[in-house]
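Report on the following structure.
The values are calculated or read from the model by the stated rules, or taken from the named source; none is laboratory data. All figures in this text were calculated on a predicted structure; none of them were measured in a lab. Don't worry about glycine lacking a Cβ; one is built from the backbone with ideal geometry, like all the others, and counts go over all protein chains shown.
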Amino acid sequence: MFTAAGGAISSPCMGSILIVNGRVIDPASGHDAVADVAIEGGVVRAIGAGLSRGPADRVIDAGGMLVAPGLIDPHVHLREPGHEHKETIATGTAAAVAGGFTSVCCMPNTSPAIDTPEMVRFVYDRGERTGRCRVFPVAAATRGRLGEELAEIGLLDSAGAVAYSDDGDCVATAGMMRRVLMAVAATGKAFMQHCQDSTLTRGASMHAGAVSARLGLAGWPRVAEEVVIERDVMLNRGVGCRYHVQHLSSGGSVEIVRRARAGGQLVTAEASPHHLLLTDEACEGYDTSAKVNPPLRERADVEAIRAGVADGTITVLATDHAPHSADEKNLPFEESPMGMVGLETALGLYREALVETGAIDWPRLIALMTIEPARLCGLDRCGMGMIGVDGPGDVTVIDPEASWTVDPGTFAGRSRNTPFSGRRLTGRAVATIVGGRVAWEYTGRG
């Protein structure tokens with residue numbers, strides 16, 4: 001088991017695998033060429049043209065496909081413990097490998113919260129016993145995620161927390177936020193902020209704009225996100241914590257992050273598929289599948305977030321996979337919980353939003369889903385997020401031209417809450433290899 005405290009990566013390896021004829025893209029090293037990849041004993045043994053097929057137990061012909069480091073999602077909600085009717089570590093990781101992800105970092109808004117060393121170890125243990133891919137816990141920064149007392153950051157660090165966040169809630173007060181930044185800075189790890197000033201969003205269930213006015217719903221203004229980022233950037237100037245903005249939704253937020261990075265601050269940010277494609281118009285008809293936190297905003301925000309990805313302001317792509325049961329999502333709009341599932345649709349949606357529009361190319365898209373999140377969570381220190389000899393045998397084979405239709409009825413995860421049902425996508429993972437084991441393969445259906 002890999003932990004932030006050090007240690008080895010478990011290798012659920014089974015025999016040896018040779019991937020042949022694929023375009024091997026490793027953004028960490030800059031490698032981009034047609035080559036073969038040999039995996040044995042859970043690690044990559046060789047990369048090169050014309051490798052011998054003799055020793056391999058399994059040969060995967062990746063002609064016309066992309067061979068990438070295993071995809072990493074640094075922002076998912078696996079709901080275990082406490083909300084297993086929505087998702088579990090077993091079902092969430094089944095969804096992950098179906099989407100091409102070999103590692104996920106799970107948020108601490110469980111019940112109880114992941115705010116003690118025992119809870120961190122619980123996640124690792126459950127991941128080892130029931131997970132289809134690697135699972136890394138992001139620990140709460142405050143006890144119970146209540147924003148009142150600092151969690152035992154040092155002990156959580158020793159237990160293997162890969163980052164810290166009160167995700168689902170913002171660290172509300174400046175005093176506590178400064179204490180969090182100082183404590184997390186001492187670990188060298190990142191603090192991930194859910195940027196929402198709750199005093200500006202009480203009773204709100206969607207973006208404040210023409211659509212919310214037409215639907216008669218209380219609106220959630222952009223400034224509720226932007227003011228938190230501005231505050232935290234100012235607080236962090238004298239601290240130097242690695243500060244990460246989760247699920248950007250506002251064009252104004254992109255500009256704040258851009259200025260902070262230009263000023264030399266240790267600020268990173270992520271974008272989610274839905275904020276790169278959808279607007280608040282998806283909520284028309286009181287469609288709760290499009291109710292998310294932060295909310296879908298307007299076309300100008302979508303374009304600003306895409307521009308932020310294109311110019312390097314936004315360095316990470318993360319799904320914010322947020323499963324909810326059908327009963328919960330079928331409640332009236334104002335009562336329905338916020339969030340949508342994302343692991344199984346992410347790759348095709350990112351292709352549509354970013355590659356098809358010309359914002360970035362495939363190598364950069366792969367970087368945003370591999371080495372960049374690995375660096376954010378410190379997973380690069382043990383070779384994750386890259387394909388290298390003697391590195392982890394975590395590989396995702398992608399068919400960039402595979403055309404398929406989103407059908408929630410076929411999802412491997414426990415929940416089905418997505419506004420993308422019926423959407424025709426191009427590009428998907430066709431094989432997900434975790435520690436030298438084929439954890440998932442696309443059968444061609446859909």
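Could you list, in sequence order, the residues of the stretch 189-236 that are assigned to a helix (DSSP H, G or I), among the charged types (D, E, K, R) and free of Cβ contacts under 8 Å to residues at least 40 places away in the same chain?
R214, E226, E230
More than 21 Å from V438 (Cα to Cα) and within 13 Å of the chain's Cα centre (by Cα) - does that describe any residue in the stretch 91-106?
Yes, some residue in the stretch 91-106 is more than 21 Å from V438 (Cα to Cα) and within 13 Å of the chain's Cα centre (by Cα).
Rundown of residues vs (1) more than 30 Å from T279 (Cα to Cα); (2) assigned by TED's automatic domain parsing to the domain that holds V254; (3) within 23 Å of the chain's Cα centre (by Cα); (4) at pLDDT 95 or above, yes/no style:
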| position | (1), (2), (3), (4) |
| --- | --- |
| L146 | yes, yes, no, yes |
| G154 | yes, yes, no, yes |
| M182 | yes, yes, no, yes |
| A185 | yes, yes, yes, yes |
| K189 | yes, yes, yes, yes |
| T199 | no, yes, no, yes |
| V211 | no, yes, no, yes |
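Only residues that are among the β-branched types (V, I, T), without any contact (Cβ under 8 Å) to a residue 60 or more places away in the chain and assigned to a loop (DSSP other than H, G, I, E, B): list them for the stretch 299-314, please.
If the condition is that a residue be among the β-branched types (V, I, T), without any contact (Cβ under 8 Å) to a residue 60 or more places away in the chain and assigned to a loop (DSSP other than H, G, I, E, B), then T313 is the only one that fits.
Just the residues that are of a type in the set (S, T, N, Q), crowded, with 24+ Cβ neighbours inside 10 Å and under 22 Å from T288 (Cβ atoms), please, taken from the stretch 367-417.
S415, N417
Would you please name the residue that is farthest from T91 (Cα to Cα), looking only at residues in the stretch 406-422 that are touching a Lys or Arg at 6+ places or on another chain (Cβ under 7 Å) and among the polar types (S, T, N, Q)?
N417
For the subset of the stretch 283-323 comprising residues that are in contact with a Pro (Cβ under 7 Å, 6 or more places away or on another chain) and over 19 Å from T201 (Cβ atoms), which member is surrounded by the most Cβ atoms within 10 Å (Cβ to Cβ)?
Ranking the qualifying residues of the stretch 283-323, first place goes to T319.
Can you name the condition, by its number, that P363 falls short on among (1) buried (at least 18 other Cβ atoms within 10 Å of the Cβ); (2) more than 17 Å from the chain's Cα centre (by Cα)?
Only one criterion is unmet by P363, namely (1).
Please work out if V138 is touching a Pro at 6+ places or on another chain (Cβ under 8 Å) and in the same structural domain as M119 (by TED's automatic domain parsing).
yes
Take the stretch 171-189 and flag every residue that is closer than 11 Å to D157 by Cα and touching a Gly at 6+ places or on another chain (Cβ under 9 Å).
Once the filter is applied, which keeps residues that are closer than 11 Å to D157 by Cα and touching a Gly at 6+ places or on another chain (Cβ under 9 Å), the stretch 171-189 yields A183, A186, T187, G188, K189.
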